[in-house]
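S.K.: Got a structure here, written out as structure tokens. Questions coming.
Read the figures in this text as sums done on the coordinates, not as results from a lab. Quantities reported herein were computed from a predicted structural model and do not represent experimental measurements. As a convention, Cβ positions derive from the backbone with ideal geometry for all residues, glycine included, and neighbour counts pool all protein chains shown.
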Amino acid sequence: RLYEKDLIYRGEYIINWCPRCGTALSNEEAEGSETEGRLHHLRYPLPEASWPQAEAARAAGAEALGRLDDGRWFLTVSTTRPETMLGDTGVAVHPDDDRYRALVGARVDLPLSGRTIPVVADEWVDPEFGTGMVKVTPAHDPNDFEIARRTGLEIRNVLTPEAAMNDNAPEAYRGMDRFDARRSVLDSLDALGLLEGDEPHRHSVPRCYRCETVVEPRLSDQWFVRMKPLAEPALAAARDGTLRFHPDRWTKVYCDWLENIRDWCISRQLWWGHRIPVWYCGDCGETICARVDPTECPACGGAQLEQDPDVLDTWFSSWLWPFSVFGWPEETEDVKAFYPGHTLVTAPEILFFWVARMVMAGYEFRGEAPFHDVFLHGTVRDAQGRKMSKSLGNGIDPIEVVDRFGADALRYTVLSMCGVGTDIHLDHEDLEAAFAPGRNFANKLWNAGRFTLMSVGDEPVRPIEELDGSLELADRWILSRLSHTAGSMTRELERFRLHEAVDRIHHFFWGDFADWYLEMSKARLRGEAGAERRETARAVLTHVFDSILRLLHPLVPFVTEHLWDRIPWPEGSERPDSLLVAPWPRPNPDREDTEAEAVVADLQELIGGVRSLRKEYGVGEGKPVALVLTGAPAAFRGALESDPALLEQLARVSEVDFGSAEGRGVGATSVLRNGTEVFLPLEDLVDLDHERERLQEEIERLSAQLDGAEKKLRNEQFTSRAPEAVVQKERDKAATFRDQRDKLHDKLRALGVE
């Protein structure tokens, strides 16, 4: 079809050639790598007949012209590949460059070859770059090839397919490897006084994507696809938003490539691949491109047909993948059902190889893009930032990781690090540290799941919709948090912010659910608060854990499926066949309760404060304490009064008094964000005399350290001579000692010592 539309053609052009693989490469398969090389300045003598033109050019300011010791005029050209000078067929200048206008048409002696070559004018030459004069090697440089086509220069190939000098080169160099010939040419030029010098030069050197061999530009007869017509709809799709890239910065990269696209060389000289469906008639020379193998020539009826020996570039097959796998070119039901798709997830390094070409093929053969979103993820690298490869030995075998930590641990670890467009760094020498986050999360989920299943039992639960009148503070809070989490996680996934989605569900499951809701519900689940409250807790716990498993399933599918199969199901509803096909949780604005979230946030702060005070004053976790709360907001006070067991379970608070702390003796105080003053009586909890003595000793120690630091800072020789970083470090130490001492003074005052 492309051949019939004249979008595929055969022609002789400069292509990328890998001497080791022995095949043509596309531009994308021969990416340049920055290399430190040498720029060599060569002198080309002019025959005597061209001297008048040289003198005129010199008078016009041509600095690249000079005289050799023997009086001959020469011009200077520069190259990073001196071996290719043996294939030079001209020297080019810009037609509007007044310095060299007189030289156009003159002849130049090509050193070492015994040939003379002409000076030509071509607008491609940049008069501002270097000397404004370039050597032209049409068979070994794509730009020079175009100059030769425009100016009629000879095209002389001096390299074999193996990158050795061929019979078109002077006899002394024939058979030499290109790099050996480079050294030999430079030595020969130097001996003749024609090597002006060289200098370091950083430039891009293309290498084969398979074997890293330096690629050689080579004139060759190959098959090409005309890309401009195919690129137009693919480019328009990105510009009008039909095709979206994530992260968005790749849109510009994609568009820039399509705007400057060159024809695609699709023929390869390999033993494997799809054979090019072209035959040549031995009788009349007709070229036949056929959908089925021909038996005779359609032009002359001859049977002497020989198929083209080349194969197609593998990407030429791959660009058809979005629809060819569904039976295309037949209009199958699968093609109708599954084309186009929605999202492509792939790596940036094949954006041009595959993604852009699939889009072009989609428009050409199906009339629409094969997908609408392209997520280009980062690369997995080692701890040093190097790309993992066999040659470096820094790869991680996923099978080993699965055997040691489980597939879910592997998936969770990688996804939690999968920022938009950022690379992932994993230490291949310490798998324990690398995959501990995923293993720990999987273990936490397993343990929380076992506790949940054990607590709710096997009996069916009531549908969550029937519980509105019996929902308690903890229930309303966790359902509100679930709605927010389902919404935020869905939004992050839709934006392809995978690590943010993982963070949302991790915070909800580990923090809100496991650390708080399970603890807040234990008394009800044990039946200590009555059967009705237990059933409410069972139903809410089951509903929330079911939703958690659904949200986590794309991240950790195996442990979630196992746990989900065992949770009880609401009465009167049909259980999906698998968690894989269960509906995705959606936010429920009716369940979002700002008051419940605010009250529980205050409760969490209070419990955290009590735990800190226990630790600060050495009050054991198992020892009950009393609290005095002053100025508590009505909603907060009401929640504590309606369910005093919450503080008893979570902070071992035996009594809460909402009166004044006056007359309650010695104690510790703190203030919550909502303005509530918290007073913890200490007289019956700690040995006050011992605690005061300990604090006094600690204050004396800190005061001595502070005095030492301040004395050092008062020393002018230290502050003026020591490095600023050292002085600042001493200032920071003094500030830390002072802050710690002041806090201990506050504690002493709380214990009745002024």
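S.K.: Could you size up the charge dipole of the chain around its Cα centre, putting +1 on the beta carbon of Lys and Arg and -1 on that of Asp and Glu, and report it in debye to the nearest 20?
M.R.: 800
S.K.: Looking only at Cα atoms, what is the convex hull volume of the range 517-574 per residue, in Å³?
M.R.: Value for the range 517-574: 91 Å³ per residue.
S.K.: Over the Cα atoms of the range 596-686, how large are the radius of gyration and the largest Cα-Cα distance (Dmax), in Å?
M.R.: 12.1, 35
S.K.: How do His745, His342 rank when sorted from fewest to most other Cβ atoms within 10 Å of their own Cβ?
M.R.: Going from least to most buried by this count: His342, His745.
S.K.: Which of the lysines could a cross-linker span from Lys444 if the Cα-Cα distance has to be under 30 Å and same-chain partners fewer than 8 positions apart are dropped?
M.R.: Lys522, Lys615, Lys623
S.K.: Turning to a different aspect of this structure: Run the numbers for Phe558 and Leu192: contour at 0.36 nm per residue of separation, minus the present Cα-Cα distance, in nm.
M.R.: Fully extending the segment from Phe558 to Leu192 adds 124.2 nm.
S.K.: Could you compute Rg(Cα) / (2.2 N^0.38 Å) for the range 12-115, with N its residue count?
M.R.: Cα Rg divided by the expected 2.2 N^0.38 Å: 1.36.
S.K.: Of Lys252/Lys387; Lys5/Lys228; Lys712/Lys733; Lys711/Lys733; Lys711/Lys747, which ones are farther than 20 Å apart at the Cα?
M.R.: Correct reply: Lys252/Lys387; Lys711/Lys747.
S.K.: Any idea which of Ala436, Thr151, Leu68 is furthest toward the positive side of the dipole for the chain, if Lys and Arg beta-carbons carry +1 and Asp and Glu beta-carbons -1?
M.R.: Farthest along the dipole direction, towards plus: Leu68.
S.K.: Reported to two decimal places, what Rg/Rh ratio describes the range 432-590 when computed on Cα atoms with Rh from the Kirkwood expression?
M.R.: For the range 432-590, the value is 0.95.
S.K.: Given the Cα-Cα distance of Glu432 and Thr719 and 0.36 nm per residue of separation, how much length would full extension add, in nm?
M.R.: 98.7 nm
S.K.: Here are a few candidate values for mean projected area of the Cα convex hull in nm²: [x] 42.5; [y] 52.3; [z] 38.8. Which one was actually calculated from the structure I just gave you?
M.R.: [y]
S.K.: Which whole-number percent gives the relative contact order of the range 689-750, counting Cα pairs below 8 Å spaced six or more residues apart?
M.R.: Result for the range 689-750 is 49 percent.
S.K.: Please name which of Ala369, Thr89, Met358 has its Cα lying farthest along the dipole of the chain towards the positive end, using unit charges on Cβ (Lys, Arg +1; Asp, Glu -1) and the Cα centre as origin.
M.R.: Of the options given, the answer is Thr89.
S.K.: Let me see the pair-distance distribution of the range 32-206: every alpha carbon pair, 10 Å bin width, integer percents in order.
M.R.: Over the range 32-206, the share of Cα pairs per 10 Å bin runs 10, 39, 39, 12, 1 percent.
S.K.: Counting pairs of alpha carbon atoms under 8 Å apart in space and at least six apart in sequence, what relative contact order in percent does the range 1-119 give?
M.R.: Once normalised by length, the contact order is 24 percent.
S.K.: Quick one: if the Förster radius is 45 Å, what FRET efficiency do Glu330 and Asp240 give, using the C-beta to C-beta distance and rounding to 0.05?
M.R.: The value I calculate is 0.90.
S.K.: Quick one: dipole size for the range 596-686, taken about the Cα centre, charges +1 on Lys/Arg Cβ and -1 on Asp/Glu Cβ, in debye to the nearest 20.
M.R.: Approximately 220 debye in magnitude.
S.K.: May I ask you to sort Leu426, Leu479 by Cβ crowding, counting other Cβ atoms within 10 Å and putting the fewest first?
M.R.: Leu426, Leu479
S.K.: If one puts a single equal scatterer on every Cα of the range 701-754 and applies the Debye formula without solvent, what log₁₀ I(q)/I(0) results at q = 0.15, 0.19, 0.22 Å⁻¹?
M.R.: Computed log10 I(q)/I(0) values: -0.48, -0.65, -0.78.
S.K.: Further question: About the Cα centre, and with charges only on the beta carbon of Lys, Arg (+1) and Asp, Glu (-1), how big is the dipole of the range 32-206? Nearest 20 debye, please.
M.R.: 280
S.K.: Also, I was wondering about something else. Can you give me the relative contact order of the chain as a percent, contacts being Cα pairs under 8 Å and 6 or more apart?
M.R.: 8
S.K.: Among Ala704, Ala735, Pro723, whose Cα sits farthest toward the positive end of the charge dipole of the range 689-750 (+1 at Cβ of Lys/Arg, -1 at Cβ of Asp/Glu, about the Cα centre)?
M.R.: Of the options given, the answer is Pro723.
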